[in-house]
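Peer 1: Quick one: structure below, then a few questions.
The values are calculated or read from the model by the stated rules, or taken from the named source; none is laboratory data. Just so it is clear, the model here is predicted, and its values are computed rather than measured. All Cβ positions, glycine included, derive from the backbone under ideal geometry; neighbour counts span all protein chains shown. The accessibility values were calculated without ligands, DNA or RNA, using every heavy atom of the protein model including side chains. Shrake-Rupley method; radii C 1.70, N 1.55, O 1.52, S 1.80 Å.
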Amino acid sequence: MSSNPEGRQDGRSEASSLGSAAIPRMGAEAGFEVVRDEELAPLRLSGFVCFLMGLLSFVATVAYPMMIIPMIAITIGCIALRRSDGPTPVGTRAAMLGMLLASGFGACGIAIHHLKQRTLGRQAEHFARQYIQLAETGDVPLSLELQKHSKNRQMKEADIDAVYFTDEAIQERVEEFSTGLISQLQQTAGTTQWELAKPVRVYQQYGNEKADTLWEDATGTIKQTLEIQMQWNPSRDEDTADWQVSLFQWYRERIVAPTVL
């Protein structure tokens, strides 16, 4: 057999023209083929991270502060779907699915939050209005009972008046309450028309649902603004869900420091 140095030289020149990035690939019919680096799809791990964050975005429907998770998922998805000049990167489909999940859970979280705020706001307004009407009747024992948590209130069968007016331990509180705000409301009962001064503010404090309501007399008989702060106690075990009045007073401006020093 004769050697062909020129053929070997041509082969070497062809391999060098393909570059060091050429990779041999077995073909079913053509035998060995050559794959260039440009034909390999890059891997983007950010796409799979976006998908995992999209799955975790369901917590946004449980707690509104968890809306940060779908926001992070969408941000990572945008990074994973950045433009590529070569083949479609691996992980883009996972990124798109993750962004879709994050958007869906995020939208549900926003809708649930607003519906909850609206429902609690209406209930708080209704209960506060009824509490004002109760205070105008001068029913001190029942007014004070509604300022307690439901588990600490008197039993339905108990004589509330007898408990409040015979127990020396709470006599001071009864007298203070009956001669204060409730006395002024009782004197002007029937001549006032209480309306909301501002929309009901619903918020969470230490895991409890709170609602602040401010009331003004539309007739002008009373010039002061009435403040009623309530807490929503959901049903637990044998307790039924109800509203508890945690603050009942004339509205006073709080001291606010514009700067520390």
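Peer 1: How big is the Cα convex hull of the stretch 154-207 in projection, averaged over all directions, in nm²? It would help to have the intermediate numbers written out before the result.
Peer 2: Values: hull surface 28.3 nm².
So the Cα hull casts an average projection of 7.1 nm².
Peer 1: Tell me the per residue accessible area of the stretch 86-220 using a 1.4 Å probe; a whole number in Å² is fine.
Peer 2: Accessible surface, normalised per residue, equals 60 Å².
Peer 1: Would you mind checking the pairs K151/K198; K156/K223; K148/K210; K116/K198 and listing those with alpha carbons more than 26 angstrom apart?
Peer 2: K151/K198; K156/K223
Peer 1: Could you compute how much accessible surface I79 exposes when probed at 1.4 Å, giving the result in Å² to the nearest 10?
Peer 2: Its heavy atoms expose roughly 90 Å² to the probe.
Peer 1: Full extension from L97 to S235: what is 0.36 nm times the residue separation minus their Cα-Cα distance, to one decimal in nm?
Peer 2: Here the segment from L97 to S235 would lengthen by 45.9 nm.
Peer 1: Among T88, T225, what's the order by accessible area (1.4 angstrom probe), most exposed first?
Peer 2: T88, T225
Peer 1: 7 Å from Cα along Cα→Cβ at both H114 and T88: what's the point-to-point distance in nm?
Peer 2: Using points 7 Å along Cα→Cβ, the separation is 3.4 nm.
Peer 1: A further question follows. Provide V62, V174, V163 ordered by accessible surface of protein heavy atoms (probe 1.4 Å), highest first.
Peer 2: V62, V163, V174
Peer 1: Could you tell me the accessible area of Y251 in Å² (1.4 Å probe, neighbours in place), rounded to the nearest ten?
Peer 2: For Y251, solvent-accessible area is about 80 Å².
Peer 1: With an 8 Å cut-off on Cα pairs and a minimum separation of 6 or more residues, tell me the relative contact order of the stretch 121-206 in percent.
Peer 2: Normalised by residue count, the contact order of the stretch 121-206 is 43 percent.
Peer 1: Measuring from centroid to centroid over Cα atoms, what is the spacing of the stretch 41-79 and the stretch 107-161 in Å?
Peer 2: 39
Peer 1: How large a share of the accessible area of the stretch 186-233, in percent, is made up of carbon and sulfur atoms when the probe is 1.4 Å and the other protein chains stay in place?
Peer 2: 43
Peer 1: Compare F58, F127 by solvent-accessible area with a 1.4 Å probe and give them largest first, with all protein chains kept in place. Could the numbers behind the result be given before it?
Peer 2: Details: F58 100, F127 40 Å².
The ordering from most to least exposed comes out as F58, F127.
Peer 1: Based on the Cβ-Cβ distance from V163 to Q133, what FRET efficiency comes out when R0 is 22 Å, to the nearest 0.05? Before the final figure, lay out each step's value.
Peer 2: On the way: r = 23 Å, r/R0 = 1.04.
Calculated transfer efficiency: 0.45.
Peer 1: Moving on. If you roll a 1.4 Å probe over the stretch 56-156 with all protein chains in place, what percent of the accessible area is carbon or sulfur?
Peer 2: Carbon plus sulfur share of accessible area: 64 percent.
Peer 1: Per residue, what volume in Å³ does the convex hull of the Cα atoms of the stretch 128-217 enclose?
Peer 2: 121
Peer 1: Next question. If I ignore ligands, DNA and RNA and count only protein heavy atoms, how much of M53 is accessible to a 1.4 Å probe, in Å² to the nearest 10?
Peer 2: Estimated to the nearest 10 Å², M53 gives 40 Å².
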